[in-house]
Structures are given as structure tokens and as C-alpha cells.
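Engineer: My questions all concern the structure below.
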Amino acid sequence: MIALPENLNNELEKAARAIRAGRDFFIAVHRNPDGDCLGCALAMASVLGRLGKTCFLYSVSPIPENLGFLPGIDRFTADAGVPSGRQFDTALMMECSAPARAGAVEGILAATENTINLDHHSTFEPYGTVNAVAPGLSSVSELAGRLQTVLLGLPFTREEADCYYTGVVTDTGRFQYPSTTASTHRFAAELIDAGADFARINRLVYGVKAYPAVKLLGRALEKLYLADGGRTAVSVLALEDFEDCAARSQHTEEIVNYGVMIPGVRVSVLFREEPGRITVNFRSSGEVDVSAIAGEFGGGGHRAAAGCKHSGATLDELMGRILPAIAARYGRE
């Protein structure tokens with residue numbers, strides 16, 4: 001696996017010690033969870049079970065339909081709260097750059113002895129007692145895989161390999177994003193050696209879409225337009241688009257990626273109107289750091305994939321602020 005900086009190795013060693021010492025774990029993923037945070041959380045839940053620990057898996061958002069195949073996914077309690085009176089000694093936060101990304105969990109984290117923050121975003125808060133954050137790494141699954149095999153000394157089971165492989169393949173965009181390295185491919189090979197069913201995973205993640213998702217994709221592509229001399233692809237989904245297609249927020253997965261398929265496009269941006277807020281997704285061909293753009297508007301992410309959320313502004317107002325910020329980047333990068 002990839003050689004990690006000494007300070008990160010120190011944090012991973014602290015994480016391993018906290019895991020060995022813990023007894024009852026709270027595992028949380030970020031809002032609108034993806035294959036990486038869910039796969040990593042399920043793999044670590046399996047690891048904890050093998051170590052004789054108990055855990056509670058929590059997602060503030062519904063689980064995406066296309067990830068329902070993940071082993072153990074029915075263990076997640078989506079937006080149902082934490083059992084009354086249950087006390088956790090350790091929290092594992094999966095790809096949550098700030099506690100609020102997991103929902104209203106601050107009270108839970110305050111009561112735990114250790115909070116282990118596992119992440120790979122370049123923008124994050126060091127809120128944990130352990131902050132094992134590896135900006136630039138392909139996925140949090142690659143980081144957790146190292147924690148499991150090297151520091152906890154546990155080989156991958158087939159189910160864990162499926163979970164981690166799902167995390168890597170989704171967070172690298174099928175090994176296309178700049179964060180993909182030779183070590184990422186070696187990690188994927190280890191997972192396949194351990195039994196990861198890569199063909200089935202790729203088919204279920206990328207080859208199967210719910211009818212509302214297909215309808216919403218068609219609506220977004222119909223409305224897509226080019227700006228900044230063809231360098232920016234802009235897609236907009238309003239509330240009525242979701243209503244007309246009987247679609248939900250989770251059905252927008254992958255839509256923003258279509259913009260960067262167009263020759264000459266350097267940044268693709270998707271504005272989606274949701275009740276009470278507007279969510280903005282950015283993708284880059286690699287030349288422009290979209291995490292810097294998202295950061296200007298309170299968001300964050302990676303160089304090639306980032307996002308932000310806003311309330312209190314109309315769709316037109318937010319587009320009027322973000323699109324010029326994208327255009328301004330072309331003169332700097």
C-alpha cells in the first residue's frame with residue numbers, strides 16, 4: 001500500500017489503539033451517503049464484530065437504492081435516532097469533514113471517550129480525538145483498509161472486500177479521477193484477491209438505474225448548456241423537475257459527470273433545488289481545483305469533485321454568484 005506521512009501513520013496507530021480499547025461503537029456516515037462512506041462503514045462494522053465489539057450504524061439520510069446490495073446494509077438506521085439511553089464509548093466518523101455532515105451528532109460525540117475521524121478530504125475540521133485524514137488519497141476505504149490489515153492485523157473477508165471495493169470504485173469514478181494512483185490499483189487487486197466480486201459491483205453501481213433516475217437524467221441533459229466559451233457545462237434541476245420525474249435527491253448521482261464528457265469542458269456544475277436549500281455539485285476535468293470554488297461558498301471536497309449547500313438564496317441568485325466564480329478560475333489555473 002501507499003507510504004503515508006509519519007503524522008498520519010501516528011494517527012492511524014492511535015485509531016488502532018482506540019479501536020482495541022473500545023467496546024460499543026457509534027459509526028456515522030455523511031449526509032447523502034455514497035459508496036465510499038457506506039462501504040467503509042460496513043467493512044469496519046464487520047471488523048469490529050470480529051474483534052468482539054458491538055456497534056450502531058447511523059445515516060441521517062436514506063440509503064441510496066443502487067447501494068442496497070452491500071453486505072450488511074440493512075444494519076443502517078436511517079434518520080431514526082439513536083436508541084434511548086445507549087452510551088457509546090467510541091465514535092467512528094466516515095468521511096465527515098465536520099460533525100454536522102453526519103447530522104445532529106454533537107451530543108453523541110461529546111459523550112464518547114474517543115472520536116475517530118477517518119477522511120480524505122482536503123478541507124476538514126480536526127474535531128476528533130483521532131484525526132486520520134489523508135487528503136489526496138483515493139478514498140476513505142483505502143485508508144481504512146490500511147488500518148485494518150496493517151495496524152489491526154486482520155485480513156479482508158470476502159464481504160469486507162466487496163465493501164471496500166465499492167468505496168474505491170465509486171470515489172475514483174471507476175479509477176478515472178486524479179486521486180487514483182498505482183497504490184490504489186494495488187489495493188483494488190488485494191481486494192479482488194480477497195474475493196471482491198468486481199464485475200457484479202460495477203454492474204450494480206453503474207449499470208442499473210431506477211426509472212426516476214433515468215427520467216431525471218434525461219431532464220438534466222435536456223436543460224444542460226455551455227458557458228464561458230464552452231469551458232463550463234451547467235445543469236439545473238428545479239423542484240418541479242423532481243416532482244415531474246417522481247425523483248429524489250439520491251437519483252442525481254452521476255448526473256454532474258456528464259458535463260465533463262464534452263470536449264473542451266473544464267468544469268461541470270449541477271445546481272439542484274431541494275426543499276429549503278440548493279445543493280451544488282462540481283466536477284473538473286482535472287485542470288481546475290473545484291474544491292477551491294466550493295470552499296468560497298462554504299463547501300469543500302476534492303480537486304476533481306466537490307460540492308456545497310445553501311439556504312436563503314434563490315436558484316438564480318446562487319447561480320449568479322457561483323458561475324462568475326468558476327469563470328474567474330480559468331484565469332488562475
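The values are calculated or read from the model by the stated rules, or taken from the named source; none is laboratory data. Everything quoted here is computed from the prediction, not taken from an experiment. Cβ coordinates were reconstructed from backbone atoms using ideal geometry, including for glycine residues, and neighbour counts include every protein chain displayed. Surface areas here come from the heavy atoms of the whole protein model, side chains and all, with no ligands, DNA or RNA. Shrake-Rupley method; radii C 1.70, N 1.55, O 1.52, S 1.80 Å.
Engineer: Among residues belonging to the range 310-333 that are charged (D, E, K, R) and modelled with pLDDT under 90, point out the one that is surrounded by the most Cβ atoms within 10 Å (Cβ to Cβ).
Structural biologist: The first filter runs over the range 310-333 and keeps only residues charged (D, E, K, R), leaving 316-317, 321, 329, 332-333.
Still in the running and modelled with pLDDT under 90: 332-333.
Details: ARG332: 8, GLU333: 10.
Restricting to residues being charged (D, E, K, R) and modelled with pLDDT under 90, the top hit is GLU333.
Engineer: Follow-up. Does ALA247 satisfy the criteria of being of a type in the set (A, V, I, L, M, F, W, C), under 24 Å from GLY207 (Cβ atoms) and assigned to a loop (DSSP other than H, G, I, E, B)?
Structural biologist: Working: of a type in the set (A, V, I, L, M, F, W, C): yes; under 24 Å from GLY207 (Cβ atoms): yes; assigned to a loop (DSSP other than H, G, I, E, B): yes.
Answer is yes for this residue.
Engineer: Considering every residue within the range 156-174, establish whether at least one is surrounded by fewer than 15 Cβ atoms within 10 Å (Cβ to Cβ) and free of Cβ contacts under 8 Å to residues at least 24 places away in the same chain. Steps first, please.
Structural biologist: Looking only at the range 156-174, we keep the residues that are surrounded by fewer than 15 Cβ atoms within 10 Å (Cβ to Cβ), and these are 158, 174.
Restricting the remaining residues to those that are free of Cβ contacts under 8 Å to residues at least 24 places away in the same chain gives none.
No, because not a single residue in the range 156-174 is surrounded by fewer than 15 Cβ atoms within 10 Å (Cβ to Cβ) and free of Cβ contacts under 8 Å to residues at least 24 places away in the same chain.
Engineer: Right, here's the next one. Just checking, how many residues over the range 261-294 are over 20 Å from ASP34 (Cα atoms) and in a helix (DSSP H, G or I)?
Structural biologist: Matching residues across the range 261-294 total 3.
Engineer: Still on this structure, please answer the following. Name the residue that is farthest from ASN32 (Cα to Cα), counting only residues in the range 102-118 that are small (Gly, Ala, Ser) and outside any helix (DSSP H, G or I). Outline the logic, then answer.
Structural biologist: Of the residues in the range 102-118, the ones small (Gly, Ala, Ser) are 102-104, 107, 110-111.
Those still in the list that are outside any helix (DSSP H, G or I) too: 103-104.
Values: GLY103: 11, ALA104: 14 Å.
Result: ALA104.
Engineer: For HIS185, work out the one condition from (1) at pLDDT 95 or above; (2) open to solvent by 60 Å² or more (accessible area, probe 1.4 Å); (3) more than 29 Å from HIS251 (Cα to Cα) it doesn't fulfil.
Structural biologist: (3)
Engineer: Name the residues in the range 108-148 that are without any contact (Cβ under 8 Å) to a residue 60 or more places away in the chain, open to solvent by less than 40 Å² (accessible area, probe 1.4 Å) and out of contact with any strand residue (DSSP E or B) (no Cβ under 8 Å at 6 or more places or on another chain), would you?
Structural biologist: Residue satisfying the conditions is SER138 alone.
Residue-by-condition table, conditions (1) within 23 Å of the chain's Cα centre (by Cα); (2) touching a residue at least 12 places away in the same chain (Cβ under 8 Å); (3) more than 25 Å from ALA134 (Cα to Cα):
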position	(1), (2), (3)
GLN176	yes, no, no
GLU190	yes, yes, no
ALA210	yes, yes, yes
TYR225	no, no, yes
ILE262	no, yes, yes
SER268	yes, yes, yes
